[in-house]
Structures are given as C-alpha cells and as structure tokens.
Amino acid sequence: MVKSSWAGALDGGNGAVRRRDEIRDAALLGAGVAVIGGTLWWAWSRSGHHRREAPGRPGDVPHWNFASKDGVGTALGPQGRADSRVWFTLRRGAFTEIFYPRADRPAVRDLGLIVTDRHGLCSDERHDADHETRMIEDGIPAFELVNTCRLGRYRIEKTVLAHPRRDVVLQSTRFVPLVGRLEDYRRRKRKKKSVKS
C-alpha cells in the first residue's frame, strides 16, 4: 500500500487515468491484431496457392519446366520482326513448351515421342536418348534435332520451326530403326496440355 500511495503522489494522482489509458490502448492493439490476422487468414484460405490442386481439376499437379533450353523459336515476319503469336522452347530433343496466343501463355508442354516394340522396349526420347540440337542457319529460329537411343535401337531426326504466315509450329519427324525394321517399332506421342492460369 505504501508503494501504491507513493506512486500516486509522484504522478499527481493521475495513476488511475494512466492505467485506464493503457488498458484502452492494449484493447485497441489487440483488436487491430485480431482484425489483421483474420483478414490474412481469410485471404490465405481463398487464394488457393496453398492447395496442391490444379485449376480445373482433376489434372496434373502444376509445375515449372526447366529454365535451361536448347532452343527458343518463333516465326519472323517480312521485316525480320517476330510477328507470330506462336513461340516454342526445346530441351532434350523435344518441345518443352509451345506458347499461344502470347509468349506468356503456354498452351502445350512436354511434347515428345515414346518408342515401344513387341519385345518390351519402352523408351522416352527425352530420357533414354542422346540429343543433338542445332540451328538450321544462324539468325533463323529453326532447329534440327537428332535423338539417338542409348541402347542403339533407333534414331529420331526432327526439323522444327514456326510457320512464317500462320500461327502454327511445324515439326517434320523421321524415325530411323538402327536395329530391326520400321514395322517392329511403335511411336506414341507424349503431350501434356498446359494448366490455364
């Protein structure tokens, strides 16, 4: 009690007023924290970024392709400008993305071939082959790709370019059996549509 009366005497008898102000300030701070916390929780629960579901599910879990590319291309217009609405990227002897209608909108990802035969061969050209990628000519965004099976069974030769007057990507593909005959093999397209954002 002595301490209490001593403190009241030092502050001129305003201890009760100060204490009431401190309680009010603490209550306002607590209410502000609760409002901000509630708002953040509400935004987080609505955002969907914390979920592992693709938009328009069911679908594949969204992921980014590798940033390292062996080639990037589009069609060049008459004045040498990139007027095309189609862009593509290459890695490991296959398409990693095809963008349309803008360069920030992937429409297709991972377009390549899987090779099988009657004896149990199942070979993905991206993972089971050695790759060569070269531009047809410097300054022209067109590419020649050669994928040679590491088991020595086949070779896939491709020419890839964007059409100069249409919004399409062209790919000419030649399958060369290194063992057996062409009829012994089956080629399957492997394509994943891109997740729309």
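Any read-out appearing in this document is the output of simple, stated calculations on the displayed coordinates, not a laboratory observation. All values derive from a computational prediction rather than experimental measurement. A quick note on method: Cβ atoms are made from the backbone with ideal geometry, for glycine too, and the neighbour counts reach across all protein chains shown.
Full extension of the chain between Leu40 and Ser68 gives 6.5 nm of extra length, using 0.36 nm per residue less the Cα-Cα distance.
Could you give the length gained by full extension between Val176 and Ala103, i.e. 0.36 nm per residue of separation minus their alpha carbon distance, to one decimal place? The partial results should precede the final answer.
Values: separation 73, 0.36 × 73 = 26.28 nm, distance 3.34 nm.
Gain on extension, Val176 to Ala103, equals 22.9 nm.
Applying the Karplus relation 6.51 cos²θ - 1.76 cosθ + 1.60 with θ = phi - 60° to segment 71-88 yields 3J(HN,Hα) values of x, 9, x, 7, 8, 9, x, x, 8, x, 8, 7, 8, 5, 9, 10, 10, 9 Hz, where x marks Gly and Pro.
Ranking of Ser84, Ser68 by neighbouring Cβ atoms within 10 Å, starting from the fewest: Ser68, Ser84. Each of Leu182, Leu90 was scored by other Cβ atoms within 10 Å of its Cβ. Arranged with the fewest first, they read Leu182, Leu90. Straightening the chain between His119 and Leu28 buys 25.2 nm, computed as 0.36 nm per residue apart minus the Cα-Cα spacing.
Other residues whose C-beta falls under 12 angstrom from the C-beta of Ala162 contribute a net charge of +1, scoring Lys and Arg +1 and Asp and Glu -1. The amide H of Val86, built 1.01 Å from its N in the peptide plane, has Ala75 as neighbours under 5 Å, considering only residues 5 or more places off or on other chains.
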